Amino acid sequence: MKIPEKFSAPLRMALVSMVLCGLLFPVVVTGIAEVAFPYQSVGEQATLGNHTVGSYLIAQEFNASVFFHPRNDSASGVDPDITISDAYSQIPGISNATGLSSAILMNTVDKFVQYTMISFGTEYMNVLKVNLYLINTYPGIYSHYVSG
Amino acid sequence: MNPLYVIFTLCIFTAVILSAWFLSNHLFSVFGKRKSRLDRIFDPVDNLLFKLGGVDPKKEMTWKEYFLNLLILNVFQAALAFVILNFQLYLPLNPQGFPDVRWDLALNTVMSIASNTNLQHYAGESTLSYLSQMMGITFLQFTSAASGLSAAVAIFRGFSGKYGGIGNFYSDFVRSLTRVLIPLSLVASVVLVGLGVPQSLNGYLLVKTVEGSSQMLQIGPVASMTSIMQIGTNGGGYFGANSAYPFENPSPISNWFEIFLMMLIPTSVPFLFGKMVGNRKEGSTVLISAYAIYAMNLIAAFAVVTTLGQGMEVRFGAFSSVFWTVTTTAFTTGSVNASLYAFNQIVITAAFLGMMIQSVPGGVGVGTMYMIMYIVITIFIVGLMAGRTPEYLGAKITPRDVKLALIAFLQHPVLILIPTAIAFSTGAAAAAGAGNNPEGFITIFYEFTSAAANNGSDFLGTAGNTAFFNISTAAVMWLGRFIPIALMLSISGSMSSRIRNPSPGLHTDNLTFAAILVVSILLLAVLTFFPFLVIGPVLAYLEGHVNGF
């Protein structure tokens, strides 16, 4: 069947633009990304020992009371951060469970402070980063709670 | 409020406006057909694409030819993407083995992306294969932005009267892609990956968490979509949670970079308009009017303190979340970095206004097109009051121009209000969970406002995945996209050969006219939509639902 001339140009152009924008473009970006940013391009994976235990960008569940806990509500449902005031409010419980003093835990939290407006605004911290720091710094307390 | 926030906002505006001005020089060389040093690189690429497409880029088109080629190309592109979504299980790059997308959802999705709306009744990460995200969604995000930009420059040529016509659609379309959207998106994609947005085709990653439970890391070709979705004012994200999802928007820096990206082209196009009509002040007048209303919306939204609450991401905080929401609707992008339920009714009303006006500054290309529509109507009203023949850019505005501009204006409320009424009277609203109360009304009213304005932010989300909303919003999105483009191209086509009066009676290139234009736009929007805002956000506010629902 012959395609009427009126439709042949837009049909061919549709196919050309699909290959250009939908295939070539993402594949080229993937190639550049894998070479230039090997860590970021696969989701900023967090490691413990030699194992990948998640991504710093995606919240994971913590049940044991020795850890800081992420929040359950939020827009994405996987918010990896909590505000510093939220973190402070969790410190007494963690101190009880670990025997670490509140001062040590507050110092730890303060090391990981970030700001919502880059250099000002609300203070927050990444839950997984702080928990992995605690695990690596106090293996005697934490190794028991970490899965093999 | 802490003065640092005000300073920060002014810095963002300065960065956007300066970059947009520089970009407009490039746009002028691309669409004003001036010679450029870059031609040596781009001409061979363009010529190859013209040859593959079988088109003659030099052939001058009438407005009807221009529009029909644009429309038919968009239909074919949407149809190709529909085939990809509908048969994704049988196609490559589907490592998660997602089943084919049901026909009505696939139809809604491709019509949504192709019309630059990006209303999403699906969660991409659990519905679409890599190939569908690339050759379904990313593809249409590029082409819909290129179509909007093409329509705008054709309209500018006609209004300027300096180009002997409105141009050739395929030339504009291909140049929009190769010389504007693809280079910008390439740079932005690489920056976004550097800021933490994944870009991979290796499949999702199943990991054991610290405490030993299983977690799926949904990595994919995210950065290559996130760049064009903001640059092209598309807004449709890789993930259901859109730009709230950390893989799409990992940090405060990525957040402000993405805001910059969505503001860039819509801020640049008014400058381009000024250059193409041969009077830069005409362009500045459009930009100042648009930014004046955008600034009013921002100030109103910040008048009531929004606190970091449920539905917002901690890393962005309240300020960035409100700023994003007002901006994404003013620029009709529609991406969201927080749940709309998190905001008070004043922020929601500001969001409504952005989508009702559509040109403050509006989406890629079409934002300035709507501004020209308002200018035609305003000049007509001013002409009536002053008893003068209405003129714009030296050309007489005819009764036919005014009629077409008014139809272009009135199709918007018609496309919003009638489907909203049908949704409630047929029970379709209730079936999607919207009750007969202000909150339910806001949900449905917002859905069709967003669809008709080609915005794409919504309250419904996946709850809108019903046959009624998939089909009705698909129709509204396409009518709301292509009717105004056809009407404005028609006005422009007849303007292109009209005699110009070198000494116009009404000057449209100064602050006085900008003020008249702003008042006229606000009056038109308020007179049209006020009753519906009253039974929506205003009533919800009076009932005490100050903060969200």
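The values are calculated or read from the model by the stated rules, or taken from the named source; none is laboratory data. Treat the numbers as computed from the prediction; the structure is a model and nothing was measured. Methodologically, a virtual Cβ is constructed for each residue, glycine included, from the backbone with ideal geometry; neighbour enumeration extends over all protein chains shown. Quick note on the areas: whole protein, heavy atoms, side chains included, nothing else; ligands and nucleic acids left out. Shrake-Rupley method; radii C 1.70, N 1.55, O 1.52, S 1.80 Å.
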Only listed residue being surrounded by fewer than 24 Cβ atoms within 10 Å (Cβ to Cβ), in contact (Cβ under 8 Å) with a residue 40 or more places away in the chain and in contact with a helix residue (DSSP H, G or I) (Cβ under 9 Å, 6 or more places away or on another chain), chosen from B:LEU140, B:LEU91: B:LEU91
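I need the full set of residues from region B:28-49 which are among the small types (Gly, Ala, Ser) and either outside any loop (DSSP other than H, G, I, E, B) or in contact with a strand residue (DSSP E or B) (Cβ under 8 Å, 6 or more places away or on another chain) (or both), in order please.
Within region B:28-49, just B:SER29 meets the criteria.
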Per-region count, region B:166-224, residues open to solvent by 20 Å² or more (accessible area, probe 1.4 Å) and among the charged types (D, E, K, R): 3
Residue check for B:ILE377: more than 20 Å from the chain's Cα centre (by Cα) and either open to solvent by 10 Å² or more (accessible area, probe 1.4 Å) or basic (Lys, Arg) (or both): no
Within region A:1-19, tally of residues that are assigned to a helix (DSSP H, G or I) and either open to solvent by less than 40 Å² (accessible area, probe 1.4 Å) or β-branched (Val, Ile, Thr) (or both): 9
Number of positions in region B:203-242 that are touching a residue at least 40 places away in the same chain (Cβ under 8 Å) and more than 7 Å from chain A (Cβ to nearest Cβ): 20
Which numbered condition B:GLU60 fails, given (1) touching a helix residue (DSSP H, G or I) at 6+ places or on another chain (Cβ under 9 Å); (2) assigned to a loop (DSSP other than H, G, I, E, B); (3) farther than 20 Å from B:LEU184 by Cβ: (1)
B:ALA421 vs. criteria among the small types (Gly, Ala, Ser), at negative phi and open to solvent by 40 Å² or more (accessible area, probe 1.4 Å): yes
Count - residues of region B:407-427 that are within 24 Å of the chain's Cα centre (by Cα) and of a type in the set (S, T, N, Q): 2
Selection from region A:128-148 of residues that are among the aliphatic types (A, V, I, L, M), more than 10 Å from every other protein chain (Cβ to nearest Cβ) and within 20 Å of the chain's Cα centre (by Cα): A:VAL130, A:LEU134
Failed criterion for A:LYS111 (all others in (1) in contact (Cβ under 8 Å) with a residue 12 or more places away in the chain; (2) surrounded by 20 or more Cβ atoms within 10 Å (Cβ to Cβ) hold): (2)
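For residues that are of a type in the set (D, E, K, R) and under 16 Å from the mean Cα position of the chain (by Cα), tally how many sit in region A:74-127.
Here the count works out to 2.
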Number of positions in region B:57-105 that are within 14 Å of another protein chain (Cβ to nearest Cβ), within 30 Å of A:THR30 (Cβ to Cβ) and under 27 Å from the mean Cα position of the chain (by Cα): 13
Members of region B:346-369 that are open to solvent by less than 10 Å² (accessible area, probe 1.4 Å) and either in a helix (DSSP H, G or I) or more than 20 Å from B:MET488 (Cα to Cα) (or both): B:VAL347, B:ILE348, B:ALA350, B:ALA351, B:PHE352, B:GLY354, B:MET355, B:MET356, B:ILE357, B:GLY367, B:THR368, B:MET369
Among residues of region B:119-130, those that are in a helix (DSSP H, G or I) and open to solvent by 10 Å² or more (accessible area, probe 1.4 Å), counted: 3
Inter-residue pairs, beta-carbon under 6 Å, first more than 7 Å from chain B (Cβ to nearest Cβ) and in region A:31-58, second open to solvent by 40 Å² or more (accessible area, probe 1.4 Å) and part of a strand (DSSP E or B), 6+ apart: A:GLN45/A:THR52
Residue satisfying condition, being touching a helix residue (DSSP H, G or I) at 6+ places or on another chain (Cβ under 8 Å), more than 30 Å from B:ALA318 (Cα to Cα), open to solvent by 70 Å² or more (accessible area, probe 1.4 Å) and part of a helix (DSSP H, G or I), within set B:LEU71, B:LEU85, B:LEU52: B:LEU52
Pick from region A:123-148, criterion open to solvent by 60 Å² or more (accessible area, probe 1.4 Å) and in contact with a Phe, Trp or Tyr (Cβ under 8 Å, 6 or more places away or on another chain), ranking: nearest to A:ALA87 (Cα to Cα): A:GLU123
